[in-house]
1. Can you report the number of residues in the stretch 181-237 which are within 21 Å of MET153 (Cα to Cα), out of contact with any helix residue (DSSP H, G or I) (no Cβ under 9 Å at 6 or more places or on another chain) and not aliphatic (A, V, I, L, M)?
2. With the condition kept exactly as written, say whether any residue in the stretch 305-313 is open to solvent by 90 Å² or more (accessible area, probe 1.4 Å), modelled with pLDDT of 90 or more, over 24 Å from GLY240 (Cα atoms) and not hydrophobic (A, V, I, L, M, F, W, C).
3. What are the residues in the stretch 232-251 that are within 18 Å of ILE290 (Cα to Cα) and not in a loop (DSSP other than H, G, I, E, B), if any?
4. Tell me whether the stretch 157-167 contains one or more residues that are open to solvent by 40 Å² or more (accessible area, probe 1.4 Å), farther than 29 Å from ASP271 by Cα and part of a strand (DSSP E or B).
5. Could you say whether any residue in the stretch 245-260 is open to solvent by 20 Å² or more (accessible area, probe 1.4 Å) and in contact with a helix residue (DSSP H, G or I) (Cβ under 6 Å, 6 or more places away or on another chain)?
6. Name every residue in the stretch 205-230 that is open to solvent by 20 Å² or more (accessible area, probe 1.4 Å), in a helix (DSSP H, G or I) and at pLDDT 95 or above, in order of residue number.
7. Could we say that LYS80 is modelled with pLDDT under 95, touching a helix residue (DSSP H, G or I) at 6+ places or on another chain (Cβ under 9 Å), of a type in the set (D, E, K, R) and open to solvent by less than 60 Å² (accessible area, probe 1.4 Å) here?
Amino acid sequence: MKYGVIGAGAMGYRFGIMLQKNADVDVDFIDTWEPNVEAVREQGGVSVARDHENRHIEPIDIFYPEEYTGHPDVWIVFKKQMQLAEELKRDAAAGIFHDDQYVFSAMNCMGHFEKIAQYFPKDHIYCGTAMIATRLDGPANVDFMGAEGTEEMHIAKYDQGAADDTFQAVVADLKQARLNPVVVDEWLGMCMSKVVFNAVTNTLCTMFEMQMGQFIEYDGVREMSKQLFDEAYDACERAGIYLIATRQEQVDSVITVSREYKYHYPSMYQDFSKGRPTEVDYINGYIAKIGREHDYVCRTHEFVVHEVHMAEMMRKYHQVQENVAD
């Protein structure tokens, strides 16, 4: 099997490098962020650390879409939700998609599979989620968070049909890569379970600009989590979406995962701190949208969306204050 990674960012690097290194498969990386591509070429690969230690260069092959002539069996897609439609359009225009190819994505949020399905048949799409924390500290500079072997992910078919040979081969390669895939029968509940989890940890850590370990120091974290989870589960149940974890398991996972990645800033904060738009509309906003569509108002999630956007707005005032201080 040969893989192509679309989106050489934190998670794209994590999956691609672990497949290349541990499963001994060919992996090409496609990216449109020029500083990233040029940094890889200049330093001969990606600068990789794990938990801030043992930093080294991992050699990779990286291409802009327009110069790529390879033919992967499977694409692995990791882009921000706001960037995905334009990325896929550019990739398609460059002629790198082919009828015999499959695609796997374990992106955060919801909405990406519908975009991918514009270019690939549903039975060629594999859905995933990843409880894997990774930091992109700059172009071609990545930090794998968590001890090796603690990676955890789920995978399911988008069309929910019988598993084909390619699906089985992808699962086998992910196992060899030590990404620890768990096969799930139904993709929607699987993906919404991750969205609901992120709607607590990502959003609250971003608003208060704190690491996950700092988050769980607060005595009321279970109560806050339960309030957000209960709304999300009520909305999903009204929509006929049944998550793979129970409400209590989600609350417990906030503690256990945050303890495991105690020094990690969630990806939403990483975007926020760099002045980029966050994905809150595709996380808490998506949950609120499901609720509204089924006559249920997720008041806390709707309020949280406003809070994050207000925090984004306030960056311009903070920048003015910093400039005055300088």
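1. Counting residues in the stretch 181-237 that are within 21 Å of MET153 (Cα to Cα), out of contact with any helix residue (DSSP H, G or I) (no Cβ under 9 Å at 6 or more places or on another chain) and not aliphatic (A, V, I, L, M) gives 3.
2. For the stretch 305-313, residues open to solvent by 90 Å² or more (accessible area, probe 1.4 Å), modelled with pLDDT of 90 or more, over 24 Å from GLY240 (Cα atoms) and not hydrophobic (A, V, I, L, M, F, W, C): present.
3. ALA232, TYR233, ASP234, ALA235, CYS236, GLU237, ARG238, ARG247
4. No, the stretch 157-167 has no match at all.
5. yes
6. Just the residues of the stretch 205-230 that are open to solvent by 20 Å² or more (accessible area, probe 1.4 Å), to begin with: 207-211, 214, 216-219, 222-224, 226-227, 230.
Retained after the next criterion (residues that are in a helix (DSSP H, G or I)): 207, 214, 222-224, 226-227, 230.
Correct list: GLN214, ARG222, GLU223, MET224, LYS226, GLN227, ASP230.
7. Details: modelled with pLDDT under 95: yes; touching a helix residue (DSSP H, G or I) at 6+ places or on another chain (Cβ under 9 Å): yes; of a type in the set (D, E, K, R): yes; open to solvent by less than 60 Å² (accessible area, probe 1.4 Å): yes.
For LYS80, the condition - modelled with pLDDT under 95, touching a helix residue (DSSP H, G or I) at 6+ places or on another chain (Cβ under 9 Å), of a type in the set (D, E, K, R) and open to solvent by less than 60 Å² (accessible area, probe 1.4 Å) - is met.
Each row is one residue, and each column tells you yes or no for (1) farther than 26 Å from ARG50 by Cα; (2) not aromatic (Phe, Trp, Tyr).
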{"site": "ASP143", "(1), (2)": "no, yes"}
{"site": "LYS157", "(1), (2)": "yes, yes"}
{"site": "GLY161", "(1), (2)": "yes, yes"}
{"site": "ASP164", "(1), (2)": "yes, yes"}
{"site": "LEU179", "(1), (2)": "no, yes"}
{"site": "TRP187", "(1), (2)": "yes, no"}
{"site": "TYR218", "(1), (2)": "yes, no"}
{"site": "GLU237", "(1), (2)": "yes, yes"}
{"site": "ILE241", "(1), (2)": "yes, yes"}
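The values are calculated or read from the model by the stated rules, or taken from the named source; none is laboratory data. Remember, it's a predicted structure, so these values are computed and weren't measured experimentally. Cβ coordinates were reconstructed from backbone atoms using ideal geometry, including for glycine residues, and neighbour counts include every protein chain displayed. Just the protein is used for accessible areas: all its heavy atoms, side chains included, with ligands, DNA and RNA removed. Shrake-Rupley method; radii C 1.70, N 1.55, O 1.52, S 1.80 Å.
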